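The next block holds one structure in the form of structure tokens; read it before the comments.
The values are calculated or read from the model by the stated rules, or taken from the named source; none is laboratory data. Model, not experiment: these values are computed from the prediction. We place every Cβ from the backbone using ideal geometry, glycine too, and count neighbours over all the protein chains shown.
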Amino acid sequence: MNALAPIDQRDIVPAGACASTQIFQEKGQREVFCGLTGIVWLHRKIQDAFFLVVGSRTCAHLIQSAAGVMIFAEPRFATAILDERDLAGITDIDDELDRVITQLLQRRPEIKLLFLVGSCPSEVIKIDLKRAAARQSQIHTPRVRILNYSGSGIETTFTQGEDACLASLVPGLPFEGADAPQSLLVVGALADIVEDQFIRLFDELGIAPVRFLPMRRAADLPAVGPNTLFLLAQPFLADTAQALEERGAKRIDANFPLGEEGTTLWLQAAASAFGIAPDHFDRVTAPGRSRANQAVARQRQIIAGKSIFLFPDSQLELPLARFLSRELEMEIIEVGTPYLHRQHHGPELALLPPSIRINEGQHVEDQLDRCRAAKPDLVICGLGLANPLEAEGLTTKWSIELLFTPIQGYEQAGDLAELITRPLTRRTRLEV
Ligand code: SF4
């Protein structure tokens, strides 16, 4: 379900974070998914984790339909549905939740990490999930670690669910002292195939040890400390980054690994931080850069010069716009993003053409008006806007596909470009 949050007052102010780019802030009704959506890719990433949404039938429906393309004999997510009966008293709710968790853990002994995920129905907001997680952790330790975070549509949009999940892991990461060697922590869920490619590249570059958050298995929590340098693989991890900094780790300022250029700059930032010689870096990355450039060039022939409008959804919009404009040579009309972390996006802002309108937040009706007036060749937007815009004759791409498809790194640069060109070639075929 799309979480619609109407806000009365409207406020559009240019806020120049970067000397050449105008950033507008917009408030109003927004049309984005809630943070529960992140469970769809996170449950595949951490293989012995389980996500128990404490919510309503609507939440259960969202998760099931979003993940519905895959049939699992034993899914690693579920919803504990609270109904009117549970409103009788908080004690009853606590007992009910304890009973559900105990039953789940007895039935599924392979679960090593359990996330209690909050949602927005008023019954759920009354429950102290943090206390419930601590209470249950005491009972089930050391067999299972139990954490909580919120995926509520009131507090989170779409990809912020991953941020909240990863941030909840950070306080429990093992500590590594100042005597430990410098290590790299890659932060943000990546498809295993992409992670494996990056492991090989870091290895060839001579960067070690390299760890990942989230980890593939609950027991493999990466250690952090003052000698940990972390590299964000996803642009929506503000809370996780802050939590890591509070543990003493230092962020490497970098672009995000979308396209050949983004991947090179991302790897280069890590290589510089680890003192890797530039000629060695060039030698190691040259084959990947060349393959990525060739794959992207094929798609560029189809799409160069076409105009595109990006609605705010996943927070991937800025790095994506940089890729679309610099590698596919598309004309960007507007880039919307739900939130814009000025520091984390600094390197991306620096590479965007100054003519682009960047819009933080959303007033969906005004934005739709601007989009209709611009008549872009392609619109990237959430599911809720795609059908109405298609009915009006515009060509759309669902932004959620960018989260479900491996798009980072050299080997995926061509796939990312093809994801963008596909709706246009499909429409051309239909018209022919
Ligand atoms: Fe809807 Fe809120 Fe549940 Fe998300 S958390 S599915 S917005 S009720």
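Applying the condition of being among the polar types (S, T, N, Q) and within 16 Å of the ligand (Cβ to nearest atom) to region 1-48 and asking which residue is modelled with the highest pLDDT yields 37. Among the residues examined, residue 87 does not qualify as surrounded by fewer than 18 Cβ atoms within 10 Å (Cβ to Cβ), at pLDDT 90 or above and not in a strand (DSSP E or B). Could you say whether any residue in region 181-192 is within 25 Å of residue 409 (Cβ to Cβ), hydroxyl-bearing (Ser, Thr, Tyr) and part of a strand (DSSP E or B)? Within region 181-192, one or more residues are within 25 Å of residue 409 (Cβ to Cβ), hydroxyl-bearing (Ser, Thr, Tyr) and part of a strand (DSSP E or B). When region 230-250 is filtered for residues that are under 20 Å from the mean Cα position of the chain (by Cα), touching a residue at least 12 places away in the same chain (Cβ under 8 Å) and over 14 Å from residue 341 (Cα atoms), the ones remaining, listed by number, are 230, 231, 233, 243, 244.
Just one of the listed residues (96, 162, 155) is within 16 Å of the ligand (Cβ to nearest atom), in a helix (DSSP H, G or I) and touching a helix residue (DSSP H, G or I) at 6+ places or on another chain (Cβ under 9 Å), and it is 162. Taking into account only those residues within region 105-151 that are away from the ligand (no atom under 16 Å from the Cβ), within 19 Å of residue 166 (Cα to Cα) and not in a helix (DSSP H, G or I), which is farthest from the chain's Cα centre (by Cα)? By that ranking, first place goes to 144.
Number of residues in region 118-134 that are crowded, with 16+ Cβ neighbours inside 10 Å and either in contact with an Asp or Glu (Cβ under 7 Å, 6 or more places away or on another chain) or touching a residue at least 24 places away in the same chain (Cβ under 8 Å) (or both) equals 9. Can you find a residue in region 51-74 that is away from the ligand (no atom under 12 Å from the Cβ), out of contact with any Gly (no Cβ under 8 Å at 6 or more places or on another chain), modelled with pLDDT of 80 or more and over 12 Å from residue 117 (Cβ atoms)? Within region 51-74, none of the residues are away from the ligand (no atom under 12 Å from the Cβ), out of contact with any Gly (no Cβ under 8 Å at 6 or more places or on another chain), modelled with pLDDT of 80 or more and over 12 Å from residue 117 (Cβ atoms).
Checking the structure you have, find out if any residue of region 166-185 is within 23 Å of residue 142 (Cα to Cα), of a type in the set (Gly, Ala, Ser) and touching a residue at least 60 places away in the same chain (Cβ under 8 Å). Yes: one or more hits. Where helices (runs of 4 or more DSSP H) sit wholly within region 292-385, those with at least 2 residues that are of a type in the set (Gly, Ala, Ser), surrounded by fewer than 24 Cβ atoms within 10 Å (Cβ to Cβ) and in contact (Cβ under 8 Å) with a residue 40 or more places away in the chain occupy 346-351. Name the residue that is surrounded by the fewest Cβ atoms within 10 Å (Cβ to Cβ), counting only residues in region 75-84 that are within 16 Å of the ligand (Cβ to nearest atom) and either at pLDDT below 60 or not acidic (Asp, Glu) (or both). The extreme case among them is 84.
Scanning region 140-155 for residues that are without any contact (Cβ under 8 Å) to a residue 40 or more places away in the chain and among the β-branched types (Val, Ile, Thr) yields a total of 2. A single member of 226, 214, 235 is of a type outside the set (D, E, K, R) and surrounded by fewer than 18 Cβ atoms within 10 Å (Cβ to Cβ), and it is 226. Name the residues in region 392-432 that are of a type outside the set (Val, Ile, Thr), in contact with a helix residue (DSSP H, G or I) (Cβ under 8 Å, 6 or more places away or on another chain) and more than 25 Å from residue 162 (Cα to Cα), would you? 392, 394, 414, 418, 424, listed by residue number.
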